[in-house]
1. Return the residues of segment 114-131 that are closer than 24 Å to Gly7 by Cα and surrounded by 19 or more Cβ atoms within 10 Å (Cβ to Cβ); say none if nothing qualifies.
2. Looking at this structure, is Ser134 surrounded by 18 or more Cβ atoms within 10 Å (Cβ to Cβ), among the small types (Gly, Ala, Ser), modelled with pLDDT under 95 and closer than 30 Å to Ala242 by Cα?
3. Restricting the search to segment 8-54, which residues are small (Gly, Ala, Ser) and either out of contact with any strand residue (DSSP E or B) (no Cβ under 8 Å at 6 or more places or on another chain) or not in a loop (DSSP other than H, G, I, E, B) (or both)?
4. Going through segment 55-78 one residue at a time, which ones are part of a helix (DSSP H, G or I) and acidic (Asp, Glu)?
5. Taking segment 121-142 on its own, how many of its residues are in contact (Cβ under 8 Å) with a residue 12 or more places away in the chain, touching a strand residue (DSSP E or B) at 6+ places or on another chain (Cβ under 7 Å) and over 20 Å from Thr83 (Cβ atoms)?
6. May I ask you to list the residues in segment 300-326 that are under 26 Å from Lys189 (Cβ atoms) and in a helix (DSSP H, G or I)?
7. If you take the residues in segment 167-224 that are in contact with an Asp or Glu (Cβ under 8 Å, 6 or more places away or on another chain) and in a helix (DSSP H, G or I), which one is surrounded by the fewest Cβ atoms within 10 Å (Cβ to Cβ)?
8. Run Val265 past the list (1) out of contact with any Pro (no Cβ under 8 Å at 6 or more places or on another chain); (2) assigned to a helix (DSSP H, G or I) and report the number of the one that doesn't hold.
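The values are calculated or read from the model by the stated rules, or taken from the named source; none is laboratory data. Here the structure is a predicted model, which means the values were calculated and not measured. Ideal geometry is used to build each Cβ from the backbone, glycine not excepted, and the neighbour counts take in all protein chains shown.
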Amino acid sequence: MSSSPVGLHRVIAPSGVLPQAAERLDARAEIWPDEVRIAVERLNLDAASYRQLAEAHGGDGTAVRQAVLDIVQARGKMQNPVTGSGGMLVGVVDEVGPESPLGVAPGDRVATLVSLTLTPLQITDGLADWDGKSEQVPAQGHAILFARSIVAKLPDDLKPELSLAVMDVCGAPALTARVVREYVDKGTKPVVSVIGGAGKSGSLSLAAARHAGAARTIGIVPVQAEVDRLEAAGLADTVALADARDPVALAEAVEQAGGPADITVVCVDVPGCEHGAVLATAAGGTVIFFSMATSFSAAALGAEGLAADVTMLVGNGYVPGHADYAMQLLRNESGVRGLFESRLAED
């Protein structure tokens, strides 16, 4: 058997599926000629996955830690069986196969830009340094990257925790900017609403929309503390308070803030926001879903039921140059950096 650039050779069960869809992966440390092994330093669980685990275990950090260990042990990767999502990791390149095209060398500190749901992973320290109460997980072990994986060297001027937090969501601002530019190129400066605007992907998306030429940016948040935080950051022209799970309230909030939106970006980590996002978007507009809590059947059927003529996009986390673009926004936008650093301090 030869290795596959997309990792088919690491799939244990069921046969014939890609690693992301597999129930179990082979996470042995020995690498194939086109693979790279990473010595893991830190995992970053995606927000939807961590929220589900924390709620399922009543905020008991010890139970959350054991749940993550059990998932990795059972599946050979970190893939929450409820949300289907995982996260990403940072670590140091340990070994590079002679046929690897990834352009890294032993000793490079890197972040993986592919999901933990398809990354073979073993944990060797029992997550002893993690209290189970934050998305960032100090860890020891190893991970395997395939020939078609994506990896980025960590910048020297930023703390690894900060770089990891940015790279975990770097697909969101890049795609937001691309969609905004498409409107601008056609002669329309769009109104952009970001649901979850004070979060990691939301704050970056607001900054990206403004840089790409949006006529107006609207940040939607669920509580007053987030209103205050986002207004202080100065990333949105208007900040509105609304529960994104209440479609009518959300649409009214966006309308009062200068909508409806030509582009709605969904960056929240709770389910049930699909109908509100559609209802708050203008006819002929675009909804971009970046949340792993999104039900795409609810989005499609909801749009049909509302007779809503909107284009719906799934943010897949990859746009060429997305990591560098997100890092540029972090460095250039003090509001973005302040939000990220405050959230890391809280964790």
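1. The answer is Val114, Ser115, Leu116, Thr117, Leu118, Thr119, Pro120, Leu121, Ile123.
2. yes
3. Residues satisfying the conditions are Ala13, Ser15, Gly16, Ala21, Ala39, Ala47, Ala48, Ser49, Ala54.
4. Glu55, Asp70, listed by residue number.
5. 7
6. The answer is Ala303, His322, Asp324, Tyr325, Ala326.
7. Applying the filter and picking the extreme gives Tyr183.
8. Among (1) out of contact with any Pro (no Cβ under 8 Å at 6 or more places or on another chain); (2) assigned to a helix (DSSP H, G or I), the lone unmet condition for Val265 is (2).
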